[in-house]
Amino acid sequence: MNGQVVAEIEIPSKVYGLEIDKTIAIMDYGEDIPEKGRAILYNPSINKELDNLGVTRSRYGLITQNYKPEELIAGFVVLKADQTVTIGRNKEDRNNYLLGLLDMRDDNSHLSREHLSIHVDKDNNISIEDHSTNGTKVVIPK
Amino acid sequence: MSEMISNTPIKKESLSENEQTILIHNQRLKLDSKRVLRSLDSLESRQ
């Protein structure tokens, strides 16, 4: 299943001392995600479809775009309606592992514990809130 | 919907032609269900 990029969020990161921003994309898979069964989702960073990532009735998801596929655990976080997903270096939050933000090789000092949060309301509107020390770059269509 | 991409790899460049970069800092950016920017507001101070 393909989707559209709704927004790209640049997350500061240092890998082996090199400053490399990780880009997390908010993807819109439209209204046609099967209500039952496993969604097959397209990951643009590795140019192929991924299977068995979970059952979802959600329209939106998060994918880390510029991250090597072999380093991904799953690489996809579902954004469910009326829920908030928080991204940061909090090791107790599974989403941060799924998005590759807690790679052991990273120096995550640039990343706040709760860097930003993304909320999807019941009408599929998206709110992106920055709680970080230095701010967050968000790329959206004009 | 003409915007829907099917059977076409989605690349990072997919936003590049008509994109804008916004630095948000203790702010809330809202996009509606059609992915249109609706507001950019300051967050109240958090404890």
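The values are calculated or read from the model by the stated rules, or taken from the named source; none is laboratory data. Here the structure is a predicted model, which is why all the values come from computation and not from measurement. Note: ideal-geometry Cβ built from the backbone for every residue, glycine included; neighbour counts use all protein chains shown.
Yes or no: A:K122 modelled with pLDDT of 75 or more, more than 13 Å from the chain's Cα centre (by Cα) and farther than 20 Å from B:I22 by Cα?
The answer is yes for A:K122.
If you scan the range A:125-142, which residues turn out to be assigned to a strand (DSSP E or B) and more than 17 Å from the chain's Cα centre (by Cα)?
The answer is A:P141, and nothing else.
State whether one or more residues within the range A:99-111 are touching a residue at least 12 places away in the same chain (Cβ under 8 Å) and among the basic types (K, R).
yes
Test A:R113 against the stated conditions and say whether it is in a loop (DSSP other than H, G, I, E, B), over 14 Å from the mean Cα position of the chain (by Cα) and at pLDDT 75 or above.
So A:R113 fits the description; yes.
Take the residues in the range A:103-142 that are of a type in the set (A, V, I, L, M, F, W, C) and surrounded by fewer than 19 Cβ atoms within 10 Å (Cβ to Cβ); name whichever of them is nearest to the other protein chains (Cβ to nearest Cβ).
Looking at residues that are of a type in the set (A, V, I, L, M, F, W, C) and surrounded by fewer than 19 Cβ atoms within 10 Å (Cβ to Cβ), I get A:V139.
Look at A:Y67 and say whether it is among the hydroxyl-bearing types (S, T, Y), out of contact with any Leu (no Cβ under 6 Å at 6 or more places or on another chain) and at pLDDT 80 or above.
No, not satisfied.
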